[in-house]
Every structure is written in C-alpha cells, then in structure tokens.
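Engineer: Pasting a structure below so you can have a look.
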Amino acid sequence: MTKQELAAYVTEKFGDKLRPLESGRYDPLFEVQAGDLVDVAQALKEDENLRFDFLCNLGGVDTKERFEIVYNVASITKNLRLDFKVILPYEQAEVDSVQKVWPGANWYERELWELYGIHVRNHGNLTRFLLPDEWDQGYPMRKNWDAPDFVRLPEID
Amino acid sequence: MPELRTEEFIVNMGPHHPSTHGVCRLVLTMDGEKIIKIEPVIGYLHRAIEKICENRTYQQCIPILDRFEYVTAMSCNYVFSLAAERLGQVEVPQRAEYLRVIMLELNRIASHLIFYGVTAMDIGAYTPFLYGLRERELIMDLFEMTCGQRLTYNYIRIGGVSRDIPPEFVPKCREALKIISERMSDYEGLLNENPIWLVRTKGIAILPAELAVAYGVSGPVLRASGVQYDLRRNDPYSIYERFDFDIPVRYHGDCYDRYLLRLDEIRQSMRIVSQALDSLPEGEIKNKKVKANFKPPAGEVYARIENTRGELGVYLISDGSAKPLRVKTRGGSYNQLQVLPHYGTNMLIADLVANFATLDIIMPEVDR
Amino acid sequence: MGLIKKVPIYAENIPGGALVLTTLETVLHQAQAKSLWYLLFGTACCAIELMCTGASRYDFDRLGMIFRPTPRQADLIIAAGTITKKMAPRLRRLYDQMAEPRYVIAMGGCTIKGGPFYYDSYAVEKGIDHIIPVDIYIPGCPPRPESLLEGCLQLQNKIKKQRLLDWQEK
C-alpha cells in the first residue's frame, strides 16, 4: 500500500472519526476527537489491512493556544506508517490512555502528565519520573513556563 | 525448632553502578537471589534537550541533538536533517548521500564495538573491552580526519554534510575495515564458545517477540527475538536500497542471540561501507540553497531511521518561523528499558546484569 | 639477588654516599600522586572518552590510575558528563563517601558551567563547583583523551606540591 492508498483507505473506512489534516508532509496525518481516541486506536490495530501494532512515538505539543498529542504508529506486518493527533483545550486538558492497545504508551503518557500537565485517564501510574522528586515548579515543557534560574538563549542577529 | 522466617527485601541498583551504562536506577524487590520485581527509576540525566531545541534555529538544533545519543551521534545528526529536509523539500547531492551512509555505518560499527567491550566487561571479561576499544579508535581516527571531533560530530547538516572527506580517507577506511574484519575472528574466538560466557548468556532473559512488539522494542533486540524489521529495508531512507546487504535475524531472544546479532551487524555494515566506497561519486557535498537561517514552511513530519539501539525518530513541527515549534525525539533505549520489568523477573540478580548489558541501553536516549 | 647485592655499589656513586636525604612529605606525595585510583563515575558523553582513555590506545594505567567501582576505595572522582539537578545530591553523597585525601576533576563543559545545556534547560545543574570542591577543570565537549591525561598530570603536580599541613587543617 502506498502512502496515498493508505490515506484513501483510512479516510474511506474511518472517515467519520479520522479527519485528514493538510499539515502532514511525509506520512498521512489525521485528527481524532479525544472521545474517540481509544476506539480508533483499537480499530487501527485490529483492521486486517492495517494492523498498526507498533507505537513508534507519542508526544505532546504546546502551540500556545491548545495542546496537541501526536501518535506515530507503524505496522510491522503490513509495513505501513500513520500519524494522528488529538487536539485538546488549554484548560483542563484530559485524554484517555491508549495502554490497552499499545502497552508501550505507558511511559510516554507519564511524560505527558509530568512535563505538560495533561491528565491521562485510566493510566494507573501517573508518578514523577524525569524530574527530581521534590520538583514543585509546574510543567516545564509548556511554552509559558518560567523559573528564576531558567536562562533563555539571548537573541543574536 | 522455630519456623524459618523469610521476607522480601529491596536492593537499590544505581544510579551510580558500573553496569548500568550511565545513571539508571533499578529498584529491585528480591527473594533471596531471585528478582521478584524491577522498577526502573530514570531522569538522572534528563537534560531537557527537547526544550532547548524549541529555542534554537534549525541549524543550531543539530549540535544539541549530538548529545542525545552520543555513541552514534551521526544518526542523531542525520535523523534531524532528514526531518528538516522532508519539511523543506530539500534535495541532497549524491556525494553527500554516499558520505552520510559511510559515516552512519562506520558509526554503527563503532557503537557495536563499544557494546562488545562493555557487555563483556559487565559479565566479567576484561580483555574484550581492550580489544573492542582498540579497533574503535581506528574509526575515531577516520571521523577525526573528516570533521575534527571524536564523539559529537555535527557533521551531517541539513542539505548535505559539513565538509568533504580528505583524500587519505578512502585508503585509511579500507585499511581499517580490513583490520576489523580480520580481528572479528579474535572477538568471536574469545567469547562465542567460552563456557563461562555460554552459561552466563545462553537461554538467559528470553524476550518473546509479542511482548517486544507490544512495548515498541526495535532494532537488534527485536531482531534477536525473531522479528525481521529493519528500517533500512522496511522504511527506506537515504540510498540504502542501492546496496547489497542482509538483515541478520536470530530467533531465541536470549542474551546470547542479542550478542551474536550485533556481531553479524558489524559484518553487514562493513559490506555497506565497502560498497559505498567503491561507488562514491564526485560532486557537490551540500545543497547551496540551504542557508544558515533555514526556514521550512509550516508543517509536521516524523522521520525515523534504524539506529544501533533501534528506531531513532524525530517528530518535527514547524510553524514557519526560524525556530521549530516542537522537536519530539524517540530513542530505542526508552522502550527497551520500559519492557525490562515485564520479562526480567524471576531470575538471578547476576543475570540481570547480563540482560541489561545486552539490551545495550544508554541513558541519554531514555532521559533526554 | 644479584641486583640487591649491587645496590650499595650504585649508591656509593651518588654524591653523599649511601645516604639519601629527603622529607617524609616528598615520599608520601610522590607515592600518592603516582597511584591515583579513580571512581568510575560517568554520566554522559564524557564517560565514553573516559572509557577510551582507560582502554588500549591511551592507557590510563601507565599513570598509575586504576578504576574503582566503589567510592570507598577511590582517591579521585572524575565527574564525566552532565550533572542534573536530580543527580546532584547523589554526586555529593559519593564524594562524602570517599576517604580523605580526595580530589575532583571536572571533565567537560557541562561540569564546569552547564556547557551546551546552560541556556534553556530547566534540569541541568550549572556547574558542579557549588556541589563539591573541584581541583582541576578540563574544558571541551567532550575533552579529548589527551586533555584528560594532561588534566591528570596537572593534578599529580598539584599533589606533589601540597604540604602535609595543608590537608591536616581541612
């Protein structure tokens, strides 16, 4: 399946839940509503022509207006690649855990909670692990984060 | 006679422990010599590389990402350049592509030689360490004559490479390959049939393929469990389809197979390098359109390559400004450490050292 | 046996005869400088260069430097690599576990002032010299093995010049 065929197939099969986005430059990129996330993930994994069984990467994005969570998945058996993202509001960002589908998401989701302050429902182990245990300065990966000893690189023209 | 009372106890391995390859802490719940539970505690090397990259221009990100995976820093240079090139639709000259492949594969050999030495040292053999690092110095010489650095190269840039190889590179490189291929039999002779080595590694810490895939394990560890998945073949990048090489696979998934597989990979990498040296074309080494203030149009892309420790990926988002909006990195070690508690229990603590060493985890990839 | 019998003959050729006068201080510090056992403490990139320095080509052993996995047997801690805020208390504890006299080499830019992670990083300790006292700073990112060897030679010079009273007062 080429990338165009994959995009067409996914749009046809899951068109009501996965909305294609124009900003993807290499692999097909879709948007998923936060409520549909786990269902879509399960369907992508179980579809016999897709079999997305391998979670490559999962990362949060802060665009200053909203949060995005990007899921990069791959299929080892069918040799495919696909990205999809969930868009969340800045206030009360919450998302469901996809550990049921891809158990490897566990640490990536802990990172979301720790560095971005995005609450992950049904995670089961949202504890600090990258930052020091006594950390109390908020969520450092947010764009508006600041601290007294945080030095920004001066602009040089 | 009163009943013998036993209880579980906690052993803290790390963060400063010579066999954890960096600053990883494993909290082990033990029943005598047997491990009941492993809880990795990471973050001792969390340096906020992703946050730093958000406040750097695209060209400035490359030296920061060198420190992301310093044992194969060429791959980090390359994967970021690849992502930026896909965003900006940048063409790369042919000679640059060949030089990139040569450097990536030489770096893979150097990394596997470190693996060979360090793993053996963890398990208790000191000679392989001296052998492995002796041959690695030959490769470091090649890198040094090309880009002046031994470890953090900043060599592969967006749109090409930073400078051309000197004229003496090609003969030196062939000589180094010859020496390494001759000494491969020494390496194998030291360990492959060594009874102590066999007892310490064979049948120890078997990682089942389904578990590996579920937890996103990739690279040599996945291939030692019998899954033939190599991004150089399955998601081809650069010019790998022009070369003739095999993807080694082994099926037991134990420490011994993970070790053997990496020796196989050294041989395949040497094949690729010698083919690339034979067909190295003349020409430009850098796309002249890429300037210091490289600004790709808005968009997002995930680039991934086959690194020594599995899939190395960068998710790069541009909003059209001079600095990336987000650089999310993904290293193979992250997932390999994550899967460790799920299959590493019910074995002796000495086997954990062998298991951890053959996973070939390095901590900056985990902590970033 | 032959050599030991000849020692008085050799010694007679030295001006002053068989009697060699020196101070206890010199002998002690010569011995100390020539057997610096270092702690295997590598956190990041510099650890690889530390390994290379200990391996075949550069060969630390010829300076009398042998690695020790435990701080209780070590005289010297080579802080190789970035020290983060989470790691800093652990570094302090390792230093405290070492026996006097103890020395510290700060290897690489990160340990001197945060290095490439000085700006924009929320997690990196900006220099280890406000955690533990540092004797020798080696710049570089990472420093070459030759720089590390030079740093160790400088430390040996420093040890040879020190006075017994100096570390009594500590």
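Engineer: Taking only the range B:102-132 into account, find how many residues are aliphatic (A, V, I, L, M) and more than 17 Å from residue B:269 (Cβ to Cβ).
Structural biologist: 6
Engineer: Now a separate question. Filter the range B:229-251 down to residues that are part of a helix (DSSP H, G or I), within 11 Å of chain A (Cβ to nearest Cβ) and within 12 Å of residue B:311 (Cα to Cα) and give me whichever is farthest from the chain's Cα centre (by Cα).
Structural biologist: Step by step, filter the range B:229-251, then rank; the result is B:234.
Engineer: Right, another one. Limited to the range B:285-308, what total is found for residues that are more than 14 Å from chain A (Cβ to nearest Cβ) and under 23 Å from residue B:107 (Cβ atoms)?
Structural biologist: Here the count works out to 5.
Engineer: Among the numbered criteria (1) within 20 Å of residue B:362 (Cβ to Cβ); (2) touching a residue at least 24 places away in the same chain (Cβ under 8 Å), which single criterion is violated by residue C:100?
Structural biologist: Every listed condition holds for residue C:100 apart from (1).
Engineer: What tally of residues in the range B:152-172 results from selecting those that are within 18 Å of residue B:273 (Cα to Cα) and within 14 Å of chain C (Cβ to nearest Cβ)?
Structural biologist: Within the range B:152-172, residues that are within 18 Å of residue B:273 (Cα to Cα) and within 14 Å of chain C (Cβ to nearest Cβ) number 0.
Engineer: Restricting to the range A:43-81, count the residues that are over 12 Å from the mean Cα position of the chain (by Cα) and either within 14 Å of another protein chain (Cβ to nearest Cβ) or not aliphatic (A, V, I, L, M) (or both).
Structural biologist: Residues in the range A:43-81 being over 12 Å from the mean Cα position of the chain (by Cα) and either within 14 Å of another protein chain (Cβ to nearest Cβ) or not aliphatic (A, V, I, L, M) (or both): 21 in total.
Engineer: Just the residues that are more than 12 Å from every other protein chain (Cβ to nearest Cβ), charged (D, E, K, R) and in a helix (DSSP H, G or I), please, taken from the range B:184-228.
Structural biologist: Matches in the range B:184-228: B:186, B:188, B:200.
Engineer: Condition first: under 23 Å from the mean Cα position of the chain (by Cα) and closer than 27 Å to residue B:217 by Cα. Can you find one or more residues in the range B:156-178 that meet it?
Structural biologist: yes
Yes or no, residue by residue, for (1) in contact (Cβ under 8 Å) with a residue 40 or more places away in the chain; (2) buried (at least 24 other Cβ atoms within 10 Å of the Cβ); (3) more than 14 Å from chain A (Cβ to nearest Cβ):
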{"residue": "B:333", "(1), (2), (3)": "no, yes, no"}
{"residue": "B:346", "(1), (2), (3)": "yes, no, yes"}
{"residue": "B:358", "(1), (2), (3)": "yes, yes, yes"}
{"residue": "B:368", "(1), (2), (3)": "yes, yes, no"}
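Engineer: Any idea how many residues of the range C:74-102 are within 18 Å of residue A:133 (Cβ to Cβ), not in a loop (DSSP other than H, G, I, E, B) and not basic (Lys, Arg)?
Structural biologist: 4
Engineer: Can you tell me which residues in the range B:309-324 are more than 7 Å from every other protein chain (Cβ to nearest Cβ) and in contact (Cβ under 8 Å) with a residue 40 or more places away in the chain?
Structural biologist: Within the range B:309-324, B:309, B:310, B:312, B:314, B:316, B:318, B:322, B:323, B:324 meet the criteria.
Engineer: Tell me the residue from B:254, B:278 that is farther than 28 Å from residue B:121 by Cβ and away from every other protein chain (no Cβ under 14 Å), please.
Structural biologist: The unique qualifying residue is B:278.
Engineer: Filter the range A:112-157 down to the residues that are within 15 Å of the chain's Cα centre (by Cα), under 23 Å from residue B:323 (Cα atoms) and more than 13 Å from chain C (Cβ to nearest Cβ) and list them by number.
Structural biologist: Passing the criteria: A:112, A:116.
Engineer: Within the set of pairs 6 or more residues apart or between chains, which connect a residue that is in contact (Cβ under 8 Å) with a residue 60 or more places away in the chain inside the range A:91-111 to a residue that is surrounded by fewer than 20 Cβ atoms within 10 Å (Cβ to Cβ) and of a type in the set (S, T, N, Q) with Cβ atoms less than 7 Å apart?
Structural biologist: From the range A:91-111, the pairs are A:96/A:122; A:101/A:42.
Engineer: Looking only at the range B:200-215, decide whether some residue is among the polar types (S, T, N, Q), touching a residue at least 60 places away in the same chain (Cβ under 8 Å), farther than 30 Å from residue A:41 by Cβ and crowded, with 18+ Cβ neighbours inside 10 Å.
Structural biologist: Checking the range B:200-215: at least one residue is among the polar types (S, T, N, Q), touching a residue at least 60 places away in the same chain (Cβ under 8 Å), farther than 30 Å from residue A:41 by Cβ and crowded, with 18+ Cβ neighbours inside 10 Å.
Engineer: In the list C:118, C:103, which residue meets the criterion of being surrounded by fewer than 20 Cβ atoms within 10 Å (Cβ to Cβ), at pLDDT 85 or above and more than 7 Å from chain B (Cβ to nearest Cβ)?
Structural biologist: So the residue among C:118, C:103 that is surrounded by fewer than 20 Cβ atoms within 10 Å (Cβ to Cβ), at pLDDT 85 or above and more than 7 Å from chain B (Cβ to nearest Cβ) is C:118.
Engineer: Considering only the range B:284-296, state which residues are surrounded by fewer than 17 Cβ atoms within 10 Å (Cβ to Cβ) and over 17 Å from residue B:146 (Cβ atoms).
Structural biologist: Result: B:288, B:289, B:291, B:292, B:293, B:295.
Engineer: Just give me the residues in the range B:126-138 being surrounded by fewer than 19 Cβ atoms within 10 Å (Cβ to Cβ) and more than 8 Å from chain C (Cβ to nearest Cβ), in sequence order.
Structural biologist: Correct list: B:126, B:127.
Engineer: Would you please name the residue that is nearest to the other protein chains (Cβ to nearest Cβ), looking only at residues in the range B:40-65 that are surrounded by fewer than 21 Cβ atoms within 10 Å (Cβ to Cβ) and closer than 15 Å to residue C:115 by Cα?
Structural biologist: Within the range B:40-65, the match that is nearest to the other protein chains (Cβ to nearest Cβ) is B:63.
Engineer: Also, quick follow-up: List every residue pair whose Cβ atoms sit under 8 Å apart, with the two residues 6 or more apart in sequence or on different chains, where the first one lies in the range B:10-37 and is part of a loop (DSSP other than H, G, I, E, B) and the second, anywhere, is polar (S, T, N, Q).
Structural biologist: B:14/B:20; B:22/C:43; B:23/C:43; B:32/B:6
Engineer: Among the residues of the range C:44-73, which ones are among the aliphatic types (A, V, I, L, M), closer than 28 Å to residue B:68 by Cβ and either in contact with an Asp or Glu (Cβ under 7 Å, 6 or more places away or on another chain) or more than 8 Å from chain B (Cβ to nearest Cβ) (or both)?
Structural biologist: Of everything in the range C:44-73, just one residue is among the aliphatic types (A, V, I, L, M), closer than 28 Å to residue B:68 by Cβ and either in contact with an Asp or Glu (Cβ under 7 Å, 6 or more places away or on another chain) or more than 8 Å from chain B (Cβ to nearest Cβ) (or both), namely C:50.
Engineer: Oh, and also: Give me the residue from the range C:82-97 that is more than 7 Å from every other protein chain (Cβ to nearest Cβ) and without any contact (Cβ under 8 Å) to a residue 40 or more places away in the chain and, out of that set, surrounded by the most Cβ atoms within 10 Å (Cβ to Cβ).
Structural biologist: Checked the range C:82-97; the qualifying residue surrounded by the most Cβ atoms within 10 Å (Cβ to Cβ) is C:95.
The values are calculated or read from the model by the stated rules, or taken from the named source; none is laboratory data. The shown structure was predicted, so the numbers you read here are calculated from the model rather than taken from an experiment. For neighbour counting, all protein chains shown are included, and Cβ atoms are generated from backbone atoms with ideal geometry for every residue, glycine included.
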